[in-house]
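Participant: Starting off with a structure, shown below.
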């Protein structure tokens, strides 16, 4: 599975579409087999769900996300986990171990 974490300064970014970069992690048998940080290609309505689906992303982790974006990710069979805070490395480990919990969505739209 491939997970994209909205990232800003090593921490989970508050808004998925407006973060400066994404940490993309490929997980197999509960182990990280690949990890890279890629710049956000731009926040355009409807673009990111398609862009990430084309890169085989299966799960999105962010502090917040608009309702429309969440619906578009569902249409692409991509799980969204929002309301997440903290250092990206910690969040990835919690995700892998099954201990990552969503919280209140931090997006204001």
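Quick note: the coordinates plus some simple rules give every number you see, no bench work behind them. Computed from a prediction, not measured in an experiment: that's the story for all the values here. Cβ placement follows ideal geometry from the backbone for every residue including glycine, while neighbour counts extend to all protein chains displayed.
Participant: With a cut-off of 8 Å between alpha carbons and a minimum separation of six or more residues, what is the relative contact order of the chain in percent?
Facilitator: Across the chain, relative contact order equals 30 percent.
Participant: Suppose each label sits 7 Å from its Cα in the direction of the beta carbon; what would the residue 96-residue 51 distance come out to in nanometres?
Facilitator: It works out to 2.7 nm between the two label points.
Participant: What area, in nm² and to one decimal, does the C-alpha convex hull of the chain cast on average over all directions?
Facilitator: Working: hull surface 23.7 nm².
So the mean shadow area of the Cα hull is 5.9 nm².
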